[in-house]
Amino acid sequence: MDTNIQLVSDTINRADIDSLIDWLKQDPIPRLTKGELTIELEKKWASKLGSKYSVFVNSGSSSILLTLAALKHTNRLKNNKIVVPALSWATDLSSPILLGFDPILCDCNLTDLSCDLDHLESLFIQESPAAVILVSVLGLVPQMDKILELCKKYDVVLLEDVCESMGSKFNDSYLGTFGMASFFSMYFGHHLSTIEGGFINTNDDELYYALLMMRSHGWARDLPTHQQENYKEKYDLNQFENLYNFYLPGMNLRSTDLQSFIGIKAIDKLDTFSSARNSNFNYYLDNITSNELNIQISPTNFISNFAMPIVSKNKELLVNNLIENNIECRPLIAGNLANKPFWYEHFDKPELKNCELVDKYGFYIPNHQSLTNIELDRIIKIINND
């Protein structure tokens, strides 16, 4: 029996654990809940990405939930409508639903698997939504110039879900630097991990301050001093009262300094890991002959691929062969979200031709920084049905 080839590989190694143990053994015991290390991590990730601010939360899904809640409760959106790709993760859609938005599903394209631009523009014209969540699927790079043009033309706020695409670039700029806010995941098996965790990145001062408050109950104590003073003066409070006042409806979506300690070291690994993923991806592209996806790569973009997407009429045969040969695979994200009970039991099911194709025939195969060429060749041989 061949050894198992996993879909994901842990990005936290023994050296990281040993370093964490040494940190935990300090005297006095270091602070484990959110503190100075979280602030250090946020600054380091914002600097790495090239954005003004970063907010560390307890998951990538929480980053979506918190951002939408902050936009809603600070009245930053022109209406309640939000476009969500049908090919995305559950919390891209469940977060708007839970917060009382009116979600509108958009079809995918078959070249980079993000929003089909013709369908997206038709939704902008017909529905005049306030925002769109753009999901960069599996590290593939959307046509950001055209998407930005559409958002500007129709006055739509762009939000980027980059949970599967950390390290990918459009024209030398990291994905996650184009919209009002962007979302990243630090879950096990993603490009980098803090065990659990996620980032929100933004250049918007007002949104940043709202995120800091709503991440922690709605109080102002995490704000810069001058912002805290503004709230104290506005509501005629002293410092003691300010610490336990709640200015926005908040939650507790904080992560910890323990995870921040891991994350500070993890960021240094991104370039190496992204390079390995990109190399594996290009090897797949050069050698897989039976993929019905027409993946198009611009020479000015960089693909930090999360996993290799496959669409094939022989899906059942290929998936069975992969499993029999001890190679992990899974549906392409979650397929068409319109086919999930949490959608169709409450909302009308739209016609989404490309997403239906991906749902029926799509799956993905491993790509991570630990794969060897021998393992890649094993996978390719099965996909090509050799």
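A few notes on this one:
- In segment 233-263, the residues that are in a helix (DSSP H, G or I) and either at pLDDT 95 or above or open to solvent by 70 Å² or more (accessible area, probe 1.4 Å) (or both): GLU233, LYS234, GLN239, PHE240, GLU241, ASP257, LEU258, GLN259, SER260, PHE261, ILE262, GLY263
- Failed item in (1) open to solvent by 10 Å² or more (accessible area, probe 1.4 Å); (2) within 23 Å of ASN294 (Cα to Cα); (3) in a loop (DSSP other than H, G, I, E, B); (4) in contact with a helix residue (DSSP H, G or I) (Cβ under 9 Å, 6 or more places away or on another chain), with VAL141 passing the rest: (4)
- Options THR111, THR67: the member that is out of contact with any Asp or Glu (no Cβ under 8 Å at 6 or more places or on another chain), touching a residue at least 40 places away in the same chain (Cβ under 8 Å) and within 18 Å of TYR208 (Cα to Cα): THR67
- Restricting segment 270-327 to residues that are within 19 Å of the chain's Cα centre (by Cα) and farther than 15 Å from ASN367 by Cβ, the residue that is least open to solvent (accessible area, probe 1.4 Å): LEU270
- Scanning segment 51-92 for residues that are charged (D, E, K, R) and within 27 Å of LYS169 (Cβ to Cβ) gives LYS52, ASP92.
- Note on segment 11-62: residues that are among the basic types (Lys, Arg), more than 25 Å from the chain's Cα centre (by Cα) and outside any loop (DSSP other than H, G, I, E, B) total 1.
- Checking SER122 against (1) open to solvent by less than 10 Å² (accessible area, probe 1.4 Å); (2) free of Cβ contacts under 8 Å to residues at least 24 places away in the same chain, the condition it does not meet: (1)
- In segment 367-386, the residue that is surrounded by the fewest Cβ atoms within 10 Å (Cβ to Cβ) out of those that are of a type in the set (D, E, K, R) and closer than 15 Å to GLU328 by Cα is ASP377.
The values are calculated or read from the model by the stated rules, or taken from the named source; none is laboratory data. Being a predicted model, the structure only gives us computed values, none of them experimental. Every residue, glycine as well, gets a Cβ built from its backbone with ideal geometry; the counts of neighbours run over all protein chains shown. Heavy atoms of the whole protein, side chains included, go into the accessibility calculation; ligands, DNA and RNA do not. Shrake-Rupley method; radii C 1.70, N 1.55, O 1.52, S 1.80 Å.
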